[in-house]
1. What number, rounded to the nearest 500 deg cm²/dmol, is the helix-based mean residue ellipticity at 222 nm of the chain, given -39500 (n - 2.57) per DSSP H run of at least four residues and division by all its residues?
2. Per the Debye formula with a single identical scatterer at each Cα and no solvent contribution, what log10 I(q)/I(0) holds for the range 66-161 at q = 0.15, 0.17, 0.19 Å⁻¹?
3. What are the extents of the Cα atoms of the range 120-163 along their three principal axes, listed from largest to smallest and rounded to whole Å?
4. Just from the alpha-carbon atoms, what are the Rg and Dmax of the range 206-345 in angstroms?
5. How large is ³J(HN,Hα) for each residue in the range 185-200, as worked out from phi by the Karplus curve 6.51 cos²θ - 1.76 cosθ + 1.60 (θ = phi - 60°), to whole Hz, x for Gly and Pro?
6. How much of the calculated P(r) for the range 5-154 lies past 25 Å, in percent of all Cα pairs?
7. Over all directions, the average projected area of the alpha-carbon convex hull for the chain comes to how many nm²?
8. Rg to Rh ratio, the range 121-252, alpha-carbon atoms and Kirkwood radius?
Amino acid sequence: MEATRRILEERKAAGLSANMQFTYRNPARSTDPSRLLPGAAALVVGAWPYGGRPSLGRAQDGRPKGIVARYASRDHYADLGAALSGLAELLKQAGWQARVVFDDNALVDRAAAERAGIGWFGKNSNVLLPGRGSWFLLGSVVTDAPLPVGTHVEDGCGSCKRCLGSCPTGALVAPGVLDARRCLAWLLQAPGVFPFEYRAALGGRIYGCDDCQEVCPANRLAAKLAPSGAIDDQGSKSDETEIDLLDMLASSGPALLARHGRWYIPERDPRYLRRNALIALGNVGDGQSPEVQATLERYLDGPDDLLRAHAVWAAISAGRRDLVTSRPALAEDPSSLVQDELDRL
């Protein structure tokens, strides 16, 4: 995977990885399976479907909804891990070593999948499976078993560039090249202040973004052709593709982590979940709703400067500038974060 290592290093040097760590942290390690298992001879790559149904983000009874990417709607990674563990156990019973790895900075899973012949790299930077699309989680079993090499899958995107134009922030800067500094999915996981210039584009999203997959013709065709239950019906009533924003903003830190702890949350700090929810509330909430107003006021008067600053933006975006201007204390707020928001008024 020498070519993959060079790509990671080049994109990291160009700043395209932002402050994302994951497989960019140590490209030499994440592209060398022998670091995971000395004597590694093969990777067995698995793809777990998580299709489900898209969130509509519709408010019900005046209660705005936050949108969650399909892969994070429930713990699909647990299902993937269980399936890979079963395969690893078979290899061990046959006398070989085997180690399961998925959603881990120790291996570039998409490059492994492409090399294994599972699919091709799409222009949206995801791996697409022939006839099945990209609604899959990827993982591998690293083994010292001398297994046959997979067959390379030819590019199936052709001249289609629909995903490039659909990204709400233009994060797909070239076919297969993602600029994490603009990617909403990454920005929702990044610590600190959410970039002002991308807040309106966030819409109701609070975790992940599926736009480049939603518009993909390969995914749409796969959903139409698949037998019932194969791809698009993988979702269940327990899937959480929509979260009540007001409930989320009223929940305690431990409650938020208990419910959403499987997500990647910067520093495991629930304030970042609240930050995301405040931006979404500003985009999709009805500022005239008494419940929305009460929530905005609580955060405008709250002790956390990061959340106070985002509440300023949310109130103005929800059409309630008056909630900000009627609070003289905000103008005297010592927080530079709050003052930065007020300077944009």
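Each reported figure results from applying straightforward, stated rules to the coordinates on display, with no laboratory input. All values derive from a computational prediction rather than experimental measurement. Note that each Cβ is placed from the backbone with ideal geometry, even for glycine, and that neighbours are counted across all protein chains shown.
1. -10500 deg cm²/dmol
2. For the requested q values the scattering log ratios are -0.69, -0.86, -1.03.
3. Projected onto its principal axes, the Cα set of the range 120-163 covers 41, 20, 16 Å.
4. Cα radius of gyration and Dmax of the range 206-345 are 18.6, 61 Å respectively.
5. After applying 6.51 cos²θ - 1.76 cosθ + 1.60, I find 4, 6, 4, 5, 9, 7, x, x, 6, 6, x, 4, 5, 10, 5, 5 Hz.
6. Considering the range 5-154, 37 percent of its Cα-Cα pairs are separated by more than 25 Å.
7. Convex hull of Cα atoms, orientation-averaged projection: 18.9 nm².
8. On the Cα set of the range 121-252, Rg over Rh gives 1.02.
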